[in-house]
1. For the range 89-99, what does the Karplus curve 6.51 cos²θ - 1.76 cosθ + 1.60, with θ = phi - 60°, yield as ³J(HN,Hα) per residue in whole Hz, taken in order and with x for Gly and Pro?
2. Kindly provide the trypsin sites (Lys or Arg not before Pro) of the range 34-85 that DSSP labels as loop, not H, G, I, E or B, and whose Cβ sees at most 12 other Cβ atoms within 10 Å.
3. Do you know the relative contact order of the chain, to the nearest whole percent, from alpha carbon pairs under 8 angstrom that are 6+ apart?
4. In which sequence would ARG280, ARG2 go, from the one with the fewest C-beta neighbours within 10 Å to the one with the most?
5. Apply the Karplus curve 6.51 cos²θ - 1.76 cosθ + 1.60, θ = phi - 60°, to the phi angles in the range 315-323 and return the couplings in whole Hz, x for Gly and Pro.
6. How would you classify the chain from its alpha-carbon gyration tensor, with a ≥ b ≥ c the square roots of the eigenvalues: rounded for a/c under 1.5, else prolate if a/b is greater than b/c, otherwise oblate?
7. Putting +1 on Lys and Arg Cβ atoms and -1 on Asp and Glu Cβ atoms, find which of VAL239, GLY335, PRO181 reaches farthest to the positive end of the dipole of the chain.
8. Report the gain in length on full extension from LYS178 to GLU312: 0.36 nm times residue separation, minus Cα-Cα distance, nm rounded to one decimal.
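Computed from the coordinates by the stated procedures, all read-outs in this text should not be read as laboratory data. Please read all numbers here as calculations on a predicted model, not as lab measurements. In this analysis, Cβ positions are derived from the backbone assuming ideal geometry, glycine residues included, and neighbour counts consider all displayed protein chains.
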Amino acid sequence: MRKIVHIDMDAFYASVEQRDQPELKGKPVVVAWRGQRSVVCAASYEARRYGIHSAMPALRAEKMCPDAIFVAPDFTRYRTVSRQIREIFISHTDLVEPLSLDEAYLDVTENKTGLATATEVAKTILAQIQERTSLTASAGVAPNKFIAKIASDWRKPNGIFIVRPHQIERFLKDLPVKKLPGVGKATQSSLSTMGVTTVSDLLPFELREMETRFGRFGVRLYNLARGIDNNEVRPNRPVKSISSEQTFENDLSLNELTTATQASAERTWVSSKKSDRIGRTVVLKLKTSKFQSITRSITPLSRPASAEELTEYALALLQRVDLPASTKYRLVGVGLSNFVDSNEEAIQPKLFDD
């Protein structure tokens, strides 16, 4: 039985700004670039009271809270704080799997500090983070990664939630299925037609039926509903790709996809800045109304260096889609792949599209 801790910083970027600029404390802070296509990178808890959240268009956030204070993101500073936090993690266990600058899984089945329980380890880590960075974090403690991650969101901010093995069934019983990893809008809609809204609604379905309906992901859903997740904490797991997708309520024609493509590119750029690695290949993904998937990609001579450049490449790829003009699309996504370390020498550049 593993002992897994998931640590998630509280409103990380916004909290760093409030820490470093005391005049921002207690005020609705939105970390975002200004501009028509910009999206929110983070929002302080004061801003969240107005309904503002990350990945929301910045213009919409401004309308929701006219008094919000917008601060341009400073990822160099955020990475510095993130490294301080990782040093704390490593002092407790070598089994640390960062998910981004502000969250990570830790396997503390055995720990370096000799603390008796995973709960003690988590409490100690949260205290050390606050002492060294003047920031708060929340933690979930559970027998596996899936449950630990959900639990870390239960008592935010500055809280800890523990799910012991015998409590798993009760913990999952009334959990909305949309909280399960991998369940997006399309899967949630399919589950809804099956009469499934909570995890307990999934339990009557046999494994074979779930696999028939959802393929390999059906097996995953079957196991998650029973609290089963055998994925190990994998240290130094390199980022391979980052993307953002949008599924439309009504299918759109190709010439109506510009705004959604721009928004997806901006969200992908924001997500990519959470990693210390650099993406060199831009990928455009489309799904037609008949569920046909299409991808186009390009590896430019110089990697995208800004959200604007990423958007330009994505829009250029959009123009290379050569399906009949009558084709309607239900999804658009923009991604970055071909990631390399920021200090790695660039490989021989190439240009291609699929």
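1. After applying 6.51 cos²θ - 1.76 cosθ + 1.60, I find 4, 5, 6, 9, 7, 7, 8, 10, 10, x, 9 Hz.
2. Answer in residue order: ARG34, ARG49.
3. Dividing the mean separation by the residue count of the chain yields 15 percent.
4. Lowest count first: ARG2, ARG280.
5. Couplings: 5, 5, 5, 4, 6, 8, 6, 10, 6 Hz.
6. In terms of gyration-tensor shape, oblate.
7. PRO181
8. 45.0 nm
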